[in-house]
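Engineer: One structure follows; several queries about it will come next.
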Amino acid sequence: MKKPRKIDDTRLLELAAQNLSQVEIAAEFGCSQYAISKRLKRLKPPPPSKLDDLTPQQAAFSQRVASGMSPTAAAFETYDCTTRDSAKQIGKKLMAIDDIRGSIEELCNDCGLTRGYKIRKLKSHVDNPDPHLSLKALTEAFKISGDYSPVELNVVTEVDIRALVALLPG
């Protein structure tokens, strides 16, 4: 036979809503403050998921990307795309939305793929004695950090060749 619960959850929440301290609530129930603290933590509702703010298609896209698909492949499966180029454009636009990126990060964190874990894993590949693997990992690290971004060049298209030739010695 199951022992009746010493702490009545409804009464506990009522007392907490009255801004009583945990020590006062513990005295009311005849238990420790730690037991009250632990029970209040369990009764606290979980924070809302970022997926709740997305449309069903956006949520499905986020789940597919978090599972390892590329944004293009995820967009191709989730949206009505006729060509790979249209899926690539949709995937690029979706990945620019903060809520979608946040939901993907949340899904990865739930699976233990935190940013710190991914960085440590990438570091182990960068430190690999195989130069091909190490260089590939460095390339990925540069892309992630933004050090691999395209360089903007200013190219002059109209050049006076006679003026350049006149500058040459001899």
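The numbers here are math on the coordinates, done by the rules we state, and not lab data. Just so it is clear, the structure is predicted and the values come from calculations on it, not from any experiment. Every residue, glycine as well, gets a Cβ built from its backbone with ideal geometry; the counts of neighbours run over all protein chains shown.
Engineer: Short version: ³J(HN,Hα) in whole Hz for each residue of region 93-105, in order, from phi by Karplus 6.51 cos²θ - 1.76 cosθ + 1.60 (θ = phi - 60°), x for Gly and Pro, what are they?
Structural biologist: 5, 5, 5, 7, 7, 4, 5, 6, 4, x, 5, 5, 5
Engineer: Can you tell me what the convex hull of the Cα atoms of the chain projects to on average, as an area in nm²? Before the final figure, lay out the partial values.
Structural biologist: Working: hull surface 95.5 nm².
Result: 23.9 nm².
Engineer: Please rank T82, T72, T139, fewest neighbouring Cβ atoms within 10 Å first, as an exposure proxy.
Structural biologist: Working: T82 8, T72 20, T139 12.
Fewest-to-most Cβ neighbours within 10 Å comes out as T82, T139, T72.
Engineer: Please compute the modelled spin-label separation between L164 and E77, points set 7 Å along Cα→Cβ, answer in nm with one decimal.
Structural biologist: 5.2
Engineer: Given 37 °C and 0.692 mPa s, compute D for region 1-96 with the Stokes-Einstein relation, Rh being the Kirkwood radius over Cα pairs; round to the nearest whole µm²/s.
Structural biologist: Working: Rh = 17.2 Å.
Estimated via Stokes-Einstein, D reaches 191 µm²/s.
Engineer: On to the next question. 7 Å from Cα along Cα→Cβ at both K136 and T55: what's the point-to-point distance in nm?
Structural biologist: 3.7
Engineer: I would also like to ask the following. In which sequence would V126, V65, V165, V23 go, from the one with the fewest C-beta neighbours within 10 Å to the one with the most?
Structural biologist: V165, V23, V126, V65
Engineer: Each residue of region 72-84 in order: what ³J(HN,Hα) in whole Hz does its phi give by Karplus 6.51 cos²θ - 1.76 cosθ + 1.60, θ = phi - 60°, with x for Gly and Pro?
Structural biologist: Listing the rounded values in order: 5, 5, 5, 5, 4, 7, 8, 10, 7, 9, 8, 10, 5 Hz.
Engineer: Less than 20 Å apart at the alpha-carbon level, and either on another chain or at least 8 residues along: which lysines does that give for K118?
Structural biologist: The qualifying lysines are K136, K143.
Engineer: Further question: Mind checking the full-extension length gain between R101 and S21? Use 0.36 nm per residue of separation minus the Cα-Cα distance, one decimal, nm.
Structural biologist: 24.9 nm
Engineer: Within a 10 angstrom radius of the beta carbon, how do Y79, Y117, Y34 rank from fewest other beta carbons to most?
Structural biologist: Neighbour counts put them in this order, fewest first: Y34, Y117, Y79.
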